[in-house]
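The values are calculated or read from the model by the stated rules, or taken from the named source; none is laboratory data. Because the structure is predicted, anything quoted here is derived from the model rather than measured. No Cβ is skipped: glycine too gets one built from the backbone with ideal geometry, and neighbour counts run over all protein chains shown.
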Amino acid sequence: MSRGIEIKNLSFAYDGQSILDGIDLSIERGAIVTMLGPNGCGKTTLLKTLNGLLRPKGGEVIVDGRAIDRMSPPEIARMMGHVPQGHRSSFPFTVLDIVLTGRLPHISTFSAPGERDEEVAKESLDLVGAGHLTQRPYTQISGGERQMVMIARALAQEPQFLLLDEPTSYLDFKNQIGVLKTVRKIADREGVTVIMTLHDPNHALAFSDHVVLLRKLDGKKPDGNGDGSHPHRANVVAFGPPFDVMTPMNIQEAYGMEVELVEHNGRRILLPL
Amino acid sequence: MKIEYGRRWQIAVHNSSFNYKGMLIGLFLLLPIPAFLISMMIGTFPLTPGEIVGLMLARLGMDLGYPSVYETVIFQVRLPRVLMAMMVGSILSVSGAAFQGIFRNPLVSPYILGLSSGAAFGAALSLGVIHWLPVQISAFLFSLIAVGAAYFMATTKGKTPVVSLVLSGVIISAVFSALLAIVQIAVDEKSLQSIVFWMMGSMNTASWSKLESSLPLALAGCLGILILRWRLNILALGDEEALSVGMNPEKYKAIFVVAAALAASSAVAVAGIIGLVGLIVPHMLRMIFGPDHRVLIPLSITFGAAFMVLVDDLARAALGFEIPVGIITTLIGAPFFAYLLRATRAGGWE
Amino acid sequence: MKIALYLAGMALCLALAMPAFGEPVELTDNLGRTVTIDQPCHKIVFLVENALNTYYSVGDPQSVLAVGNNIFKSELKMPFFEAVDPDFGQKGKIGFESGLVNLEALAAEDPDLVVLWATSPEAENLKAINDTLGIPVYAVFVTSIDDMYKQVEDMGIISGRVERASDVEAIMKGYMEEVTSVTDGIPDEERPKVYWMWTDVLGTTGRNSGFNDIIYQAGGINVMNYWDNDASYEEHPPVPLETLISLNPDVIYMWYNENLDPEDVINGTDFAGWKDINAVKAGRVYEIENPFLFDAFSPRMPMALMHLAKNIQPELFADLSIDDKLDGFFVEMYSVHYPEYEHT
């Protein structure tokens, strides 16, 4: 049985509009995998098909040898933590109350969280360095802290996989790096496989073990590839270690813009031309 | 958007030792007991506290030779009314808290899905047109029909977005208000008076039989919400956040709406439309204890009961004549609501 | 000379035409408004039922041009109206929308007087008809027994049959006196205390109300007179049940109630708290079963009084048969027999 996530010939359409097509990926355990691409390339959609929130039009997702569409939502939630994009709350729940909701897949229908759940929640908060926020109202902490809390909530699910949708959006520069460093730490120490979507190619370069570079489909039906310039209309431009994927050529292919790759003290940075 | 309401209170509670908060919760849980005892002492029939205690002892087998009318007043008039006020207060508060959680908004009431307009129409239909249909049953049925219609209207492809629910609630309310207007035009003046009086909400026709008929569904609805209350925390975070931890938000929305609507409909059916209780009580509790539904729901039951029965004491005894209790709750509630609206910037509606 | 002759001719024509136009007459309606009409009115629209009932006992049914479609329980009353006014079925029916009269339909009838119910001179319908359409309006607002007699007199003026009106008034007073002559001297403390139950059950008729007076004339006393609270003076005060129990009425009189019967009050589970009230203990709960026959604020007021008196003072009125009285009353008032409404 293969450990990790296998994506086989996955396609997805929304209202007849093809968003994803011909995606084949194999994600191994124990790494940070970043999905990168321009707006509308379907990276969030792809992330949501991984934990069954969206049902693909074709193909399948296999996690640790089991097809995702044969698993119940709580089963998936025990295996995969998920942090949706930019969350807000109308109610001033305490941070601990929020993180505790991550325990849902471990709690039977007619029960509420117990002591053990509270412990796990507090450990998760410590893990993301937000232990001091436990009793603070969620509505009164900063955007960066909120992101950490939502990551802690996903960690409270005790997952093997952590899916993060744009964990750096709406955050300032310092908070962006703070969140990504925390993600790195979680992946290294806890052995959690992180799959996230990002906007910034340099973040992808600096914090990923593998990068999936995606492009936007031109909107035609998957079988309507008439012009022949792209024999495979699949979304994936390249998949592999960041240095191999993030080449100016691939970036040009994905984003349609020219960039320059600069090396400094063994680190690489992409600069637009 | 940051919601700042009750911040000082909340911080005061959160920063203090656990025991203090625990004690305060305990106090609120016990509130119905003194409220009950006080309310049993109050009424327009002249009885002294000594006589009332004596009558209660008489119930236990000691014959103290009081006239039978004393017993009737205490056990057939005052007791059912006090218990009904407590039941209605609990129901409206709990269903209010549940609806606020479902709608992720602290400013919605149990009537948001057209429940009150449906009930008003049902009551008017019985009072003015279809006389063989008991008003309680008619009000109950039409309030559920209204909620069901609003829910059905808002549901597309198995999903019931909160914003669609709010809008369909507005539409259904408008439809039933129009139907109510038609009934009001058609009926005579005396029936019209009964309809208006019913709509203002009152407990003055409380009786054991009314209490018995509304209790089973009220209890079922409240218990359902009580047992599943922690899940309201998850629903209150949003559909995406619920899905991401493996909860089917549509299923739980439906469960909570059904439970809250059943309970609220059975309360409205016996007491008429009592305004703003379902809004104020959960709100006050949230200001003091925070939004965690594990605490909020049980406290809504007890504090709602205590609040309602004390307000009803005012309604039935303050001036010596009966004031519809719905008028008092609305007069108390409206300024409070206005304050909340400003303090929370429309309740953080997204 | 020619001109003088012409003028004389004109004057003669005018003089001959005068009776057709009628003489302008002033009368005061129930709101104290002065209404100027050409007597007698030939085209009257009645938007209020009780004045219509009164009119039929006095005036010419041909002069009723149209009626409101707001007649309470009209299906019950059709045989009567058709008997006293053979053309009743064909007469125009003026509709209402949200309580506002259909002005266009009313204007199309072109009446010379509109009679309607209004509680204040500022009432919307009253102003609309009077000011906008410019049609004289007689406003009806009956709250006492004397208001009823005034209505009879005013219908006499409107129809130009003042004599008939005073006959009708005398007929009514005669029937009333059959009761009041018996009940007049009864001291208050010997009168049964009566609780009047409107359809909202715990709403009753206050000390300042027409029913308060009728209950007294019937030999009872409105129990509100024993309630030491300002609310007891209101027209329709709400009473707490505990207060009602402590007031302990001897008789409960229900206005026509389709949701409730006296039996429900005596034995119904919803009325368990009422069981120690004297009226309930003695089974003395009565209902106005027929809101047409026993409508207290209609010319049938004497019949309503008899209905009340017979139940409130059963011993004093043991020999009184309302059914017998009804026939005589309908013959004298409307020249039809009760209950078949055959013409005499």
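Per-residue answers, yes or no, for (1) free of Cβ contacts under 8 Å to residues at least 60 places away in the same chain; (2) farther than 25 Å from residue B:182 by Cβ:
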| site | (1), (2) |
| --- | --- |
| C:78 | yes, no |
| C:105 | yes, no |
| C:122 | yes, yes |
| C:136 | no, yes |
| C:139 | no, yes |
| C:145 | no, yes |
Quiz prompt | So residue B:82, is it at pLDDT 90 or above, β-branched (Val, Ile, Thr) and surrounded by 19 or more Cβ atoms within 10 Å (Cβ to Cβ) | solution = yes
Quiz item: Within the range A:55-69, is there a residue that is surrounded by fewer than 18 Cβ atoms within 10 Å (Cβ to Cβ) and within 22 Å of residue B:249 (Cβ to Cβ)?
Solution: yes
Practice problem: Tell me, yes or no, whether the range B:141-158 has at least one residue that is at pLDDT below 95, of a type in the set (Phe, Trp, Tyr), surrounded by fewer than 18 Cβ atoms within 10 Å (Cβ to Cβ) and within 24 Å of the chain's Cα centre (by Cα). | Solution: yes
Quiz item: In the range A:118-158, what count of residues is obtained for those that are within 10 Å of another protein chain (Cβ to nearest Cβ) and assigned to a helix (DSSP H, G or I)?
Solution: 6
Self-check item: When residues of the range C:187-204 are limited to those that are in a loop (DSSP other than H, G, I, E, B) and at pLDDT 95 or above, the one farthest from residue C:317 (Cα to Cα)
Solution: C:187
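Going by the structure shown, is residue B:11 part of a helix (DSSP H, G or I) and either modelled with pLDDT of 90 or more or within 30 Å of residue B:272 (Cα to Cα) (or both)? Give the derivation first.
Values: part of a helix (DSSP H, G or I): yes; either modelled with pLDDT of 90 or more or within 30 Å of residue B:272 (Cα to Cα) (or both): no.
Criteria not met by residue B:11.
Yes/no per residue for (1) over 27 Å from the mean Cα position of the chain (by Cα); (2) among the aromatic types (Phe, Trp, Tyr); (3) surrounded by 24 or more Cβ atoms within 10 Å (Cβ to Cβ); (4) at the interface with another protein chain (Cβ under 7 Å from one of its Cβ atoms):
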{"residue": "C:219", "(1), (2), (3), (4)": "no, no, yes, no"}
{"residue": "C:223", "(1), (2), (3), (4)": "no, no, yes, no"}
{"residue": "C:226", "(1), (2), (3), (4)": "yes, yes, no, no"}
{"residue": "C:235", "(1), (2), (3), (4)": "no, no, no, no"}
Exercise. Please tell me if residue A:148 is at pLDDT 95 or above and surrounded by 23 or more Cβ atoms within 10 Å (Cβ to Cβ).
Key: no
Quiz item: Of the residues in the range C:161-190, how many are closer than 16 Å to residue C:60 by Cα and surrounded by 20 or more Cβ atoms within 10 Å (Cβ to Cβ)?
Solution: 2
Quiz item: Is it true that residue C:200 is crowded, with 18+ Cβ neighbours inside 10 Å, touching a Pro at 6+ places or on another chain (Cβ under 6 Å), of a type in the set (Asp, Glu) and in contact (Cβ under 8 Å) with a residue 12 or more places away in the chain?
Solution: no
Quiz item: Which is closer than 27 Å to residue B:97 by Cα, within 10 Å of another protein chain (Cβ to nearest Cβ) and surrounded by fewer than 15 Cβ atoms within 10 Å (Cβ to Cβ), of A:72, A:90, A:111?
Solution: A:111
Quiz item: Which one is farthest from the other protein chains (Cβ to nearest Cβ) among residues in the range C:264-276 that are closer than 14 Å to residue C:201 by Cα and not small (Gly, Ala, Ser)?
Solution: C:266
Quiz item: Residues in the range B:88-109 that are at negative phi, within 14 Å of chain A (Cβ to nearest Cβ) and not small (Gly, Ala, Ser): how many?
Solution: 8
Self-check item: Verdict on residue A:19 being buried (at least 21 other Cβ atoms within 10 Å of the Cβ) and assigned to a strand (DSSP E or B)
Solution: yes
Quiz prompt | Residue that is away from chain B (no Cβ under 14 Å), out of contact with any Asp or Glu (no Cβ under 6 Å at 6 or more places or on another chain), of a type in the set (A, V, I, L, M) and closer than 25 Å to residue B:322 by Cα, where the choices are C:201, C:137, C:239, C:194 | solution = C:194
Quiz item: Restricting the first residue to the range A:1-30 and requiring it to be more than 22 Å from residue A:79 (Cβ to Cβ), which pairs with a second residue that is among the basic types (Lys, Arg) and in a loop (DSSP other than H, G, I, E, B) meet a Cβ separation below 6 Å and a spacing of at least six or different chains?
Solution: A:11/A:57; A:13/A:57; A:21/A:233
Exercise. Could you please give the count of residues in the range C:242-263 that are part of a helix (DSSP H, G or I) and either more than 7 Å from chain B (Cβ to nearest Cβ) or surrounded by 19 or more Cβ atoms within 10 Å (Cβ to Cβ) (or both)?
Key: 7
Quiz item: Does the range A:102-114 contain at least one residue that is of a type in the set (A, V, I, L, M, F, W, C) and part of a helix (DSSP H, G or I)?
Solution: yes
Exercise. Check whether at least one residue in the range A:145-164 is farther than 29 Å from residue A:108 by Cα and more than 16 Å from the chain's Cα centre (by Cα), and report yes or no.
Key: yes
Exercise. Hey, can you tell me all the residues within the range B:202-231 that are at the interface with chain A (Cβ under 10 Å from one of its Cβ atoms), touching a helix residue (DSSP H, G or I) at 6+ places or on another chain (Cβ under 8 Å) and assigned to a helix (DSSP H, G or I)?
Key: B:229, B:230, B:231
